[in-house]
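These notes concern the structure reproduced below.
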Amino acid sequence: MTDQLAESFHQLDVDVYELNDLCAFSVNEKDVLERIAEKYMRKIVVACYPRAVKNMFKQASIKLENFEVLNFREFTVDQLLDKLKMDYQLKDGKARYQIQMNELTVPAWFPVIDESRCTLCGQCARFCLFGVYAYDKKSLTVINPLACKNNCPACGRTCPASAIMFPRLVENTALAGAEPGEKSPRSSATKEGLFVLLNERNQTRKSIFKQDVVQLAEEERRKALEEFKKGIGKEK
(Lines give C-alpha, C1' and ligand atoms only; values in the text may rest on other atoms or scores of the structure.)
Protein backbone atom coordinates (compact mmCIF):
# COMPACT_ATOMS: atom_id res chain seq x y z
CA MET A 1 0.00 0.00 0.00
CA THR A 2 2.92 2.35 0.69
CA ASP A 3 4.00 2.26 -2.96
CA GLN A 4 0.43 2.97 -4.05
CA LEU A 5 0.24 5.93 -1.69
CA ALA A 6 3.49 7.32 -3.05
CA GLU A 7 2.21 6.98 -6.61
CA SER A 8 -1.01 8.79 -5.68
CA PHE A 9 0.81 11.63 -3.93
CA HIS A 10 2.92 12.18 -7.05
CA GLN A 11 -0.31 13.23 -8.77
CA LEU A 12 -1.01 16.15 -6.41
CA ASP A 13 0.18 19.74 -6.69
CA VAL A 14 1.91 19.74 -3.30
CA ASP A 15 5.28 19.37 -1.63
CA VAL A 16 5.64 15.79 -0.39
CA TYR A 17 8.28 14.47 1.98
CA GLU A 18 8.49 10.71 2.23
CA LEU A 19 10.29 9.98 5.50
CA ASN A 20 11.69 6.51 6.08
CA ASP A 21 10.59 6.29 8.74
CA LEU A 22 8.70 8.85 10.81
CA CYS A 23 9.31 7.09 14.13
CA ALA A 24 13.05 7.00 13.42
CA PHE A 25 13.15 10.71 12.62
CA SER A 26 11.36 11.52 15.88
CA VAL A 27 14.19 10.03 17.94
CA ASN A 28 17.06 10.51 15.50
CA GLU A 29 17.32 13.71 13.41
CA LYS A 30 14.17 15.30 14.77
CA ASP A 31 15.61 18.59 13.54
CA VAL A 32 14.70 17.40 10.03
CA LEU A 33 11.03 17.37 11.02
CA GLU A 34 11.27 20.81 12.56
CA ARG A 35 12.96 22.28 9.48
CA ILE A 36 10.22 20.90 7.24
CA ALA A 37 7.54 22.21 9.59
CA GLU A 38 8.97 25.71 9.57
CA LYS A 39 8.54 25.96 5.80
CA TYR A 40 4.77 25.51 5.74
CA MET A 41 1.75 27.05 7.44
CA ARG A 42 -0.27 23.86 7.10
CA LYS A 43 1.03 20.33 7.37
CA ILE A 44 -0.74 17.04 6.68
CA VAL A 45 0.95 13.99 8.15
CA VAL A 46 -0.12 10.70 6.58
CA ALA A 47 0.96 8.03 9.00
CA CYS A 48 -0.74 5.86 11.61
CA TYR A 49 -3.13 6.75 14.42
CA PRO A 50 -3.29 10.48 15.20
CA ARG A 51 -3.16 9.89 18.97
CA ALA A 52 0.09 7.96 18.58
CA VAL A 53 1.70 10.44 16.18
CA LYS A 54 0.77 13.58 18.13
CA ASN A 55 1.99 12.14 21.42
CA MET A 56 5.14 10.85 19.74
CA PHE A 57 5.99 14.39 18.61
CA LYS A 58 5.19 15.73 22.07
CA GLN A 59 7.32 13.08 23.74
CA ALA A 60 10.26 13.95 21.50
CA SER A 61 9.78 17.71 22.17
CA ILE A 62 9.40 18.32 18.45
CA LYS A 63 8.16 21.81 17.65
CA LEU A 64 5.39 21.12 15.18
CA GLU A 65 2.29 23.30 14.97
CA ASN A 66 -0.77 23.55 12.71
CA PHE A 67 -0.67 20.00 11.50
CA GLU A 68 -3.21 17.24 11.04
CA VAL A 69 -2.70 13.49 11.00
CA LEU A 70 -4.45 11.08 8.67
CA ASN A 71 -4.31 7.39 9.47
CA PHE A 72 -3.67 5.55 6.22
CA ARG A 73 -4.88 2.34 7.87
CA GLU A 74 -8.42 3.69 7.95
CA PHE A 75 -8.70 4.35 4.21
CA THR A 76 -8.06 2.73 0.89
CA VAL A 77 -5.63 4.60 -1.35
CA ASP A 78 -8.50 6.02 -3.42
CA GLN A 79 -10.42 7.09 -0.31
CA LEU A 80 -7.38 8.85 1.08
CA LEU A 81 -6.74 10.63 -2.20
CA ASP A 82 -10.38 11.75 -2.39
CA LYS A 83 -10.21 13.02 1.20
CA LEU A 84 -7.09 15.06 0.46
CA LYS A 85 -8.77 16.62 -2.56
CA MET A 86 -12.19 17.26 -1.01
CA ASP A 87 -11.39 18.08 2.63
CA TYR A 88 -8.07 19.84 2.07
CA GLN A 89 -8.68 21.23 -1.42
CA LEU A 90 -5.51 19.73 -2.87
CA LYS A 91 -5.35 19.97 -6.65
CA ASP A 92 -4.20 17.56 -9.31
CA GLY A 93 -0.73 18.25 -10.59
CA LYS A 94 2.86 17.14 -10.20
CA ALA A 95 4.21 16.89 -6.68
CA ARG A 96 7.57 18.21 -5.56
CA TYR A 97 8.52 14.85 -4.13
CA GLN A 98 11.44 14.20 -1.80
CA ILE A 99 12.52 10.96 -0.13
CA GLN A 100 14.53 11.26 3.05
CA MET A 101 16.16 8.27 4.69
CA ASN A 102 17.09 8.10 8.34
CA GLU A 103 20.45 6.69 9.34
CA LEU A 104 19.20 4.92 12.44
CA THR A 105 20.73 1.43 12.49
CA VAL A 106 18.24 -0.23 14.87
CA PRO A 107 14.45 -0.55 14.51
CA ALA A 108 12.56 2.57 15.56
CA TRP A 109 10.33 0.62 17.91
CA PHE A 110 9.49 2.27 21.22
CA PRO A 111 6.58 3.17 23.50
CA VAL A 112 4.80 6.52 23.43
CA ILE A 113 3.03 7.85 26.51
CA ASP A 114 -0.36 9.54 26.28
CA GLU A 115 0.06 11.89 29.24
CA SER A 116 -3.63 12.79 29.20
CA ARG A 117 -4.45 9.21 30.19
CA CYS A 118 -1.43 8.26 32.29
CA THR A 119 -2.17 7.82 36.01
CA LEU A 120 1.51 7.39 37.00
CA CYS A 121 0.85 3.91 38.35
CA GLY A 122 4.27 2.80 37.07
CA GLN A 123 3.07 -0.62 35.91
CA CYS A 124 4.77 -0.28 32.52
CA ALA A 125 8.11 0.77 34.02
CA ARG A 126 8.08 -2.11 36.49
CA PHE A 127 7.21 -4.61 33.77
CA CYS A 128 9.94 -3.44 31.36
CA LEU A 129 13.28 -5.27 31.70
CA PHE A 130 15.35 -3.04 29.44
CA GLY A 131 15.55 0.38 31.10
CA VAL A 132 13.28 2.13 28.62
CA TYR A 133 11.43 4.14 31.27
CA ALA A 134 12.37 6.49 34.08
CA TYR A 135 9.69 6.51 36.75
CA ASP A 136 8.88 7.95 40.12
CA LYS A 137 5.51 8.73 41.66
CA LYS A 138 5.50 12.19 40.07
CA SER A 139 6.66 11.42 36.53
CA LEU A 140 7.00 8.75 33.88
CA THR A 141 9.21 9.29 30.84
CA VAL A 142 10.59 7.22 27.99
CA ILE A 143 14.22 7.94 28.74
CA ASN A 144 15.85 5.33 26.49
CA PRO A 145 13.49 4.56 23.57
CA LEU A 146 16.01 2.62 21.51
CA ALA A 147 16.58 0.17 24.36
CA CYS A 148 13.10 -1.17 23.64
CA LYS A 149 13.06 -4.55 21.91
CA ASN A 150 11.58 -4.72 18.41
CA ASN A 151 7.99 -5.96 18.22
CA CYS A 152 7.65 -6.15 22.01
CA PRO A 153 4.64 -4.14 23.23
CA ALA A 154 4.43 -6.17 26.45
CA CYS A 155 4.67 -3.26 28.89
CA GLY A 156 1.83 -1.45 27.13
CA ARG A 157 -0.51 -4.39 27.52
CA THR A 158 -0.19 -4.05 31.30
CA CYS A 159 -1.30 -0.39 31.31
CA PRO A 160 -4.75 -0.14 32.93
CA ALA A 161 -5.40 3.29 31.40
CA SER A 162 -4.43 2.55 27.75
CA ALA A 163 -1.83 5.30 28.06
CA ILE A 164 1.03 3.39 26.42
CA MET A 165 1.14 3.14 22.61
CA PHE A 166 3.45 1.64 20.03
CA PRO A 167 3.01 3.57 16.74
CA ARG A 168 4.49 0.77 14.62
CA LEU A 169 2.32 -1.95 16.14
CA VAL A 170 0.12 -3.50 13.45
CA GLU A 171 -3.09 -3.69 15.45
CA ASN A 172 -6.34 -1.76 15.34
CA THR A 173 -6.24 -1.25 19.09
CA ALA A 174 -5.61 1.43 21.70
CA LEU A 175 -2.15 -0.09 22.15
CA ALA A 176 -1.35 0.95 18.56
CA GLY A 177 -2.84 4.40 19.11
CA ALA A 178 -6.55 4.02 18.42
CA GLU A 179 -8.81 6.02 20.70
CA PRO A 180 -9.76 3.84 23.68
CA GLY A 181 -13.39 2.83 23.57
CA GLU A 182 -15.78 4.89 25.62
CA LYS A 183 -17.48 3.01 28.38
CA SER A 184 -21.26 3.05 28.20
CA PRO A 185 -22.93 4.63 31.22
CA ARG A 186 -24.23 2.01 33.58
CA SER A 187 -27.95 1.61 33.09
CA SER A 188 -30.22 1.32 36.08
CA ALA A 189 -31.76 -2.06 36.82
CA THR A 190 -35.31 -2.47 38.02
CA LYS A 191 -34.46 -5.61 39.95
CA GLU A 192 -31.47 -5.68 42.28
CA GLY A 193 -31.00 -9.42 41.71
CA LEU A 194 -30.73 -8.96 37.93
CA PHE A 195 -28.24 -6.12 38.32
CA VAL A 196 -26.01 -8.20 40.63
CA LEU A 197 -26.10 -11.17 38.25
CA LEU A 198 -25.17 -9.06 35.22
CA ASN A 199 -22.45 -7.28 37.19
CA GLU A 200 -20.92 -10.58 38.32
CA ARG A 201 -20.90 -11.90 34.75
CA ASN A 202 -19.27 -8.71 33.52
CA GLN A 203 -16.58 -8.88 36.18
CA THR A 204 -15.88 -12.51 35.28
CA ARG A 205 -15.42 -11.61 31.61
CA LYS A 206 -13.09 -8.75 32.57
CA SER A 207 -11.06 -11.06 34.80
CA ILE A 208 -10.66 -13.66 32.03
CA PHE A 209 -9.71 -10.97 29.50
CA LYS A 210 -7.17 -9.44 31.89
CA GLN A 211 -5.58 -12.84 32.50
CA ASP A 212 -5.25 -13.41 28.75
CA VAL A 213 -3.64 -9.99 28.25
CA VAL A 214 -1.18 -10.54 31.10
CA GLN A 215 -0.21 -13.94 29.72
CA LEU A 216 0.35 -12.43 26.27
CA ALA A 217 2.45 -9.63 27.77
CA GLU A 218 4.57 -12.08 29.73
CA GLU A 219 5.14 -14.19 26.61
CA GLU A 220 6.15 -11.13 24.58
CA ARG A 221 8.53 -10.06 27.32
CA ARG A 222 10.05 -13.55 27.50
CA LYS A 223 10.69 -13.56 23.73
CA ALA A 224 12.23 -10.09 23.88
CA LEU A 225 14.56 -11.20 26.68
CA GLU A 226 15.62 -14.26 24.68
CA GLU A 227 16.42 -12.09 21.65
CA PHE A 228 18.37 -9.74 23.89
CA LYS A 229 20.45 -12.62 25.26
CA LYS A 230 21.11 -13.93 21.74
CA GLY A 231 22.33 -10.49 20.71
CA ILE A 232 24.74 -10.36 23.63
CA GLY A 233 26.01 -13.83 22.71
CA LYS A 234 26.77 -12.75 19.14
CA GLU A 235 28.73 -9.73 20.35
CA LYS A 236 31.10 -11.84 22.45
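Where in the stretch 122-159 are there trypsin sites (Lys or Arg not before Pro) that are in a DSSP coil and have at most 10 other Cβ atoms within 10 angstrom of their Cβ? Could you put the intermediate results ahead of the total?
Working: sites: Arg126, Lys137, Lys138, Lys149, Arg157; in loops: Lys137, Lys138, Lys149.
Qualifying residues, ordered by number: Lys137, Lys138.
Starting from the 7 Å offset along Cα-to-Cβ, what nm value, one decimal, do you get for the label separation of Glu29 and Ser61?
Result for the modelled spin labels: 2.1 nm.
Would you rank Glu68, Glu18, Glu74 by solvent-accessible area, highest first, keeping every protein chain in place and using a 1.4 Å probe?
Glu74, Glu68, Glu18
Once you sort the root eigenvalues of the Cα gyration tensor of the stretch 1-53 as a ≥ b ≥ c, which label holds: rounded (a/c under 1.5), prolate (a/b larger than b/c) or oblate (the other case)?
Since a/c reaches 1.5 but b/c is at least a/b, the shape of the stretch 1-53 is classed as oblate.
For the full complex of protein chains and a 1.4 angstrom probe, list Ser139, Ser8 by accessible area with the highest value first.
So, going from the largest accessible area down, we get Ser139, Ser8.
Between Ile44 and Glu171, what is the label-point separation in nm under the 7 Å Cα-to-beta-carbon projection?
Here the modelled spin labels are 3.1 nm apart.
What residues qualify as long-range amide H neighbours of Val45, i.e. H under 5 Å apart, gap of 5 or more or another chain, H built at 1.01 Å from N?
Glu68, Val69, Leu70
Where a ≥ b ≥ c are the square roots of the eigenvalues of the C-alpha gyration tensor, would you call the stretch 52-175 rounded, which needs a/c under 1.5, or, failing that, prolate if a/b is larger than b/c, or oblate?
Prolate is the answer for the stretch 52-175, as a/c is 1.5 or above and a/b outweighs b/c.
Give me the number: length gained by fully extending Phe228 to Arg96, i.e. 0.36 nm times residue separation minus the C-alpha to C-alpha distance, one decimal in nm.
43.3 nm
Tell me, what is the FRET efficiency for Gln11 and Leu104 to the nearest 0.05, using R0 = 25 angstrom and their Cβ-Cβ distance as r?
Working from the Cβ atoms, E equals 0.25.
Taking the Cβ of Glu38 as the centre, find all other residues whose Cβ is under 12 Å away and add up their charges (Lys, Arg: +1; Asp, Glu: -1). Please report the intermediate quantities before stating the final value.
Values: positive: Arg35, Lys39, Lys43, Lys63; negative: Asp31, Glu34, Glu65.
Spelling it out: positives minus negatives among the neighbours equals +1.
Scan the stretch 4-69 for trypsin sites (Lys or Arg not before Pro) in coil per DSSP, keeping those whose Cβ has at most 13 other Cβ atoms within 10 Å, and list them by number.
Taking the stretch 4-69 and a limit of 13 other Cβ atoms within 10 Å, the loop trypsin sites (Lys or Arg not before Pro) found are Lys39, Arg42, Lys63.
The values are calculated or read from the model by the stated rules, or taken from the named source; none is laboratory data. Source: prediction; values computed, not measured. Note that we place each Cβ from the backbone using ideal geometry, even for glycine, and neighbour counts take in every protein chain shown. Heads up: the accessible areas ignore ligands, DNA and RNA and are worked out on the full protein's heavy atoms, side chains in. Shrake-Rupley method; radii C 1.70, N 1.55, O 1.52, S 1.80 Å.
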